[in-house]
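Undergrad: Submitted below is the structure of interest, expressed as structure tokens.
The values are calculated or read from the model by the stated rules, or taken from the named source; none is laboratory data. The shown structure was predicted, so the numbers you read here are calculated from the model rather than taken from an experiment. Cβ: placed from backbone, ideal geometry, glycine included. Neighbour counts: every protein chain shown.
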Amino acid sequence: MAKKKDWLKHAFAVDPPGAAEPTAEQQGPVDRVCREVVKRHMTTPALLALEALQPMNFVGSQAMHFFHPFVSVFTDTDGYRHFAAFLERRGSVEYLCRRIEEMEAECETTETPDESPTEPGDDDDGPPATDTD
């Protein structure tokens with residue numbers, strides 16, 4: 001009799017609260033997406049979009065699965081498939097936001113301002129003015 005109830009035991013199970021951790025296969029594509037966001041200086045818009053669309057992450061992952069055959073014509077689809085599978089999980093958007101913020105912080109600490117001193121005559125406005133009087 002216990003076996004009849006076992007199928008119902010996990011019928012409404014959900015992922016635990018908090019950020020989802022990607023598997024080893026998912027880690028590469030997830031980091032690649034986050035790195036591209038930071039590299040293109042799109043951190044703020046990406047975080048806003050992710051937070052606003054967080055309730056729709058499962059629908060987005062299903063759309064990615066739907067478009068998989070079309071994408072497979074143009075590119076390698078292993079990373080695409082793993083990224084879509086990661087988005088199916090609750091907490092995936094929270095992990096993406098956290099990872100993007102971490103990469104942005106790393107990028108800010110490694111960037112140094114241009115240390116070349118500027119001279120008054122070093123402008124690209126043309127040759128310096130000469131006094132002909």
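Undergrad: Over 21 Å from Pro17 (Cα atoms) and surrounded by 15 or more Cβ atoms within 10 Å (Cβ to Cβ), is that true of Thr110?
TA: Against the criterion (over 21 Å from Pro17 (Cα atoms) and surrounded by 15 or more Cβ atoms within 10 Å (Cβ to Cβ)), Thr110 does not qualify.
Undergrad: Return yes when Val38 is of a type in the set (Val, Ile, Thr), within 25 Å of Pro17 (Cα to Cα), touching a residue at least 12 places away in the same chain (Cβ under 8 Å) and surrounded by 16 or more Cβ atoms within 10 Å (Cβ to Cβ) and no when it is not.
TA: Details: of a type in the set (Val, Ile, Thr): yes; within 25 Å of Pro17 (Cα to Cα): no; touching a residue at least 12 places away in the same chain (Cβ under 8 Å): yes; surrounded by 16 or more Cβ atoms within 10 Å (Cβ to Cβ): yes.
When the stated conditions are applied, Val38 does not pass them.
Undergrad: Further question: Can you find even one residue in the range 82-103 that is within 18 Å of Val37 (Cα to Cα), of a type in the set (D, E, K, R) and either free of Cβ contacts under 8 Å to residues at least 12 places away in the same chain or not in a helix (DSSP H, G or I) (or both)?
TA: yes
Undergrad: Additional query: Among the listed residues Pro55, Pro69, which satisfies the condition of being exposed (fewer than 14 other Cβ atoms within 10 Å of the Cβ), within 17 Å of the chain's Cα centre (by Cα) and either at pLDDT 95 or above or assigned to a helix (DSSP H, G or I) (or both)? Lay out the reasoning, then the answer.
TA: Numbers: Pro69 fails: within 17 Å of the chain's Cα centre (by Cα).
That would be Pro55, the only listed residue that is exposed (fewer than 14 other Cβ atoms within 10 Å of the Cβ), within 17 Å of the chain's Cα centre (by Cα) and either at pLDDT 95 or above or assigned to a helix (DSSP H, G or I) (or both).
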